[in-house]
Amino acid sequence: MGFFSTILGFCGFGVGISIGLVAGYFFFIYFQPSDVQDPVIRPLVEQDSETLQRMFPEIPLWVKNPDYDRVDWINKFLEYMWPYLNKAICMTARNIAKPIIADQVPKYKIESVEFEAFTLGSLPPTFQGMKVYITDEKELIMEPSIKWAANPNITVAVKAFGLKATVQVVDLQVFAAPRITLKPLVPSFPCFAKIYVSLMDKPHVDFGLKLIGADLMSIPGLYRFVQELIKDQVAKMYLWPQTLEVPILDPAKAFKRPVGILHVKVVRAMKLKKKDLLGASDPYVKLKLTDDKLPAKKTTVKHKNLNPEWNEEFSIVVKDPQTQSLELRVYDWEQVGKHDKMGMNVVPLKELSPEELKVVTLDLLKNMDLNDVSNVSNEKSRGQLVVELTYKPFKEEDLTEGFEETKTVQKAPEGTPAGGGVLVVIVHEAQDVEGKHHTNPYVRILFRGEEKRTKHVKKNRDPRWEEEFSFRLEEPPINDRMHVEVVSSSSSRIGLLHPKESLGYIDINLSDVVSNKRINEKYHLIDSKNGRLQIELQWRTL
């Protein structure tokens, strides 16, 4: 009798435990308590210290940290745009996922994987604040704090071995602090070439995963395992200093860096028009590339000559041979007054074959307007100009090295002395420069008796130039100093009493440039109250 009692006891225990587990799981998943009361909302000043400590993580960063800026306008923008962004993001995600799923499905003997529903819900992410870093490099660094408590409905149906299983992702929460870097900043829209994204901390990811109506994340141990697995995998790929790089623009077009050298030899001119009263002219030629901010190069003046010969050579840096053209203008030199134009013409660089010498005889025109009657009726009456042109593009490996990183110092061009190099000076901008009588600043660079100047910026206390100058040297300037001065010049007749005014200056020791190859700093101007000047110096060798 005792034997049968024991067996029945074990059976009853097993059946009772099974029924209890099923009933408990059912009530845990599907039973919603009805005696839940709304919390009492009170002002922060009425809360005790313990309650404030618990609330502290939920307070926006712009309240706790003065380095973070309030960005409510972004949240308002996302709120209005979210219905459209939701559809666009989901459609893009579907298009990206479909080919990946199609490649992976055959490996696991799965018949199909399809999205039955894909929506991110009605709640957009919110920005708790944003920190912006200011550097001297051509980049913009932002660190937003993002919190997203979403109500998505992502349902995936998986078919395998004649069976179908439906998995649903619900109640998604993501807390992340990414660092977004836009660099390098370029003058072509959208004004940056690449986006770099990295995470400053491991993200918090929480979500519900339903299988056949039951929440798998409620299984003891599975929730923590999945959460830690996601954190570790995401951190392994994107936790700083690891980055996700997103290219935006083609480097060659974005950077607008030199891609070659155009060698020009101005040979001679023939049958030029008489401009002087005594029946002669004093011609010279100015040449430059279109879409180039550098000053034009000039030949010498040939006095009283209508068939001058120059045989002078020039080298011009080319940035875009498909769109740039060589512009040649012939002037009559005048000792007093404005120099008279004698004629002009252009040569598109795309018509030149690389590494091949081309001799061109150009008919001088009044202008490049094809509808101008004077160009058609008297097209040869202004004379002709003979030039020799050779376009030499840079090597492909040199271009890719230069595009990879803005901080990389390029090599010196061919023909640089073996023991020397090229000293490159890039004048970026000035801040808080102000004159007593006028503020039309430009920069003078004095080095080894040679002077170079930037363009004038009228009526501006914070001018930006972004102009580059170079000095070819026989030896490294280890013991040299460079004098850089910000000067303001009057642009009106009222300023005749004070035509020029110094806004401050600096003397830069070049030994650091030679040893470091590159420096990019903001210097406080001497004899200026608050003025600063940002200059980049590079020492390029073969």
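Listing for the model above:
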| read-out | value |
| --- | --- |
| Estimated vicinal HN-Hα couplings, Hz - the range 523-536 in sequence order (Karplus 6.51, -1.76, 1.60; Gly, Pro = x) | 9, 7, 6, 6, 6, 9, 5, 10, x, 9, 9, 9, 10, 10 |
| For residue 333, residues with placed amide H under 5 Å, excluding near neighbours | 282, 284 |
| Links that overshoot a 32 Å alpha carbon limit, given the list 183/392; 131/319; 302/459; 183/500 | 131/319; 302/459; 183/500 |
| Exposure ranking of 366, 274, 338 by accessible area [1.4 Å probe, largest first] | 338, 274, 366 |
| For the range 281-289, 3J(HN,Hα) per residue [Karplus equation, 6.51 cos²θ - 1.76 cosθ + 1.60, θ = phi - 60°, Hz, x = Gly/Pro] | 8, 10, x, 8, 10, 10, 9, 7, 8 |
| FRET efficiency for residue 117 and residue 42, using Cβ-Cβ distance with R0 set to 45 Å, rounded to 0.05 | 0.65 |
| Within the accessible area of the range 409-541 (1.4 Å probe), percent carbon and sulfur | 45 |
| Dipole moment magnitude, nearest 20 debye, the range 55-251 about Cα centre, only Lys, Arg, Asp, Glu C-beta charged | 420 |
| Three-way shape label, the range 409-541, alpha-carbon gyration tensor, a/c 1.5 | prolate |
| Approximate spin-label separation residue 307-residue 174, in nm, with each point projected 7 Å along Cα-to-Cβ | 7.8 |
| Around residue 111: net Lys/Arg minus Asp/Glu count, Cβ-Cβ under 12 Å | +2 |
| Packing-based ranking, highest mean first, of 323-333, 442-452 given that Cβ atoms within 10 Å are counted | 323-333, 442-452 |
| Inter-probe distance in nm under a simple model that places probes 7 Å from Cα toward Cβ, at residue 388 and residue 470 | 2.2 |
| Protection proxy ranking, peptides 164-170, 223-229, average beta carbon neighbours within 10 Å, highest first | 164-170, 223-229 |
| Computed magnitude of the charge dipole of the range 502-542 (debye, nearest 20; Cβ of K, R +1, Cβ of D, E -1) | 160 |
| Dipole-positive endmost among 184, 249, 115 within the range 55-251 (Cβ charges, Cα centre) | 115 |
| Accessible-area order (highest first, 1.4 angstrom probe) of the listed residues 271, 392 | 271, 392 |
| Solvent exposure ordering (accessible area, 1.4 Å, most first) of 131, 236 | 236, 131 |
| Highest average packing first - 99-110, 142-153, 530-541, Cβ atoms within 10 Å | 530-541, 142-153, 99-110 |
| Probe 1.4 Å, accessible area per residue of the range 55-251, Å² | 62 |
| Leading residue at positive end of dipole, the range 422-542 (Cβ point charges), from 509, 478, 441 | 441 |
| Shape parameters for the range 55-251, alpha-carbon atoms, Rg then Dmax in Å | 19.5, 62 |
| Residue 268 paired with residue 460, simple spin-label distance in nm, labels 7 Å along Cα-to-beta-carbon | 4.6 |
| Residue 205 accessible area, 1.4 Å probe, all protein chains in place, Å² to nearest 10 | 20 |
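The values are calculated or read from the model by the stated rules, or taken from the named source; none is laboratory data. Computed from a predicted structure; not experimentally measured. Cβ sites come from the backbone with ideal geometry, for glycine too, and all protein chains shown count toward neighbours. Accessible surface areas use protein heavy atoms only, side chains included; no ligands, DNA or RNA. Shrake-Rupley method; radii C 1.70, N 1.55, O 1.52, S 1.80 Å.
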